[in-house]
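Here the structure comes first, spelled out in structure tokens, and everything after it is commentary.
Each reported figure results from applying straightforward, stated rules to the coordinates on display, with no laboratory input. The model shown is predicted, which means the values in this text are computed figures rather than measured ones. When we count neighbours, we look across all protein chains shown, and the Cβ atoms used for this are built from the backbone with ideal geometry, even at glycine.
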Amino acid sequence: MELGGGDAEEAMTNDESRKTPPVDTAALRSLLAAATPGEWKTLGHDGIWRVAGADGETVFDDGSAYGEYDQKCTTADRDAILALRSAAPALLDAMDEVDRLRAALHEAHVRCVHLDHSVARLRDVLGRTSSFLSGFLLSTDEREHRAWREAIRMSSEYIESVLAATKEMT
């Protein structure tokens with residue numbers, strides 16, 4: 001079974017395969033750090049509201065706190081902003097974890113491709129070694145025996161080198 005392949009490898013590395021564009025989580029964390037800290041909450045009554053930070057200071061309001069102008073932020077927008085603001089740290093952590101797992105999956109895929117190639121090389125060398133052994137066993141001439149032994153020794157060294165390289169990859 002071949003683990004590597006152009007289509008699979010291309011899908012693993014192709015950012016266009018994402019359903020959403022990549023997000024700069026570091027930039028978003030910087031924005032959160034610069035924003036009013038703590039949990040935000042809605043304060044108000046009689047349809048007039050404001051969003052305040054943990055210190056009670058207004059972060060933003062509905063645009064009509066004193067009825068002097070029309071509402072600019074709907075309650076649905078306000079609720080969405082508050083919910084997203086509260087969820088932002090966990091969402092950013094999850095996005096960072098997805099990126100970490102994506103990188104680990106890609107690394108595992110690359111290792112599997114290398115292992116697949118190593119297995120194919122080993123199968124080829126073992127097939128040739130089997131032929132060398134047959135020739136050795138059927139040979140009666142001492143010079144042929146030496147030649148077959150040398151071929152078997154070289155095959156053995158090659159197998160050992162492939163196994164050592166494979167062990168380093170894992």
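Taking amide H as placed 1.01 Å from N in the peptide plane, the amide H of ASP61 sits under 5 Å from that of VAL51, each at least 5 places away or on another chain. Applied to the range 134-144, the Karplus parametrisation 6.51 cos²θ - 1.76 cosθ + 1.60 on θ = phi - 60° returns per-residue 3J(HN,Hα) values of 4, x, 4, 5, 8, 6, 10, 8, 5, 5, 5 Hz, with x for Gly and Pro. Applied to the range 19-25, the Karplus parametrisation 6.51 cos²θ - 1.76 cosθ + 1.60 on θ = phi - 60° returns per-residue 3J(HN,Hα) values of 7, 10, x, x, 10, 7, 5 Hz, with x for Gly and Pro. Each residue, MET169 and THR36, gets one label point 7 Å from its Cα in the Cβ direction; the gap between the two is 5.6 nm. Can you bin the range 86-154 into rounded, prolate or oblate? Criterion: square roots of the alpha carbon gyration tensor eigenvalues sorted a ≥ b ≥ c, rounded for a/c under 1.5, prolate for a/b above b/c, oblate for the rest. The shape class here is prolate. Phi-derived couplings, Karplus 6.51 cos²θ - 1.76 cosθ + 1.60 at θ = phi - 60°, listed residue by residue for the range 77-90: 5, 4, 4, 5, 4, 5, 5, 5, 4, 5, 7, 3, x, 5 Hz, with x used for Gly and Pro. Straightening the chain between CYS112 and ALA54 buys 15.8 nm, computed as 0.36 nm per residue apart minus the Cα-Cα spacing.
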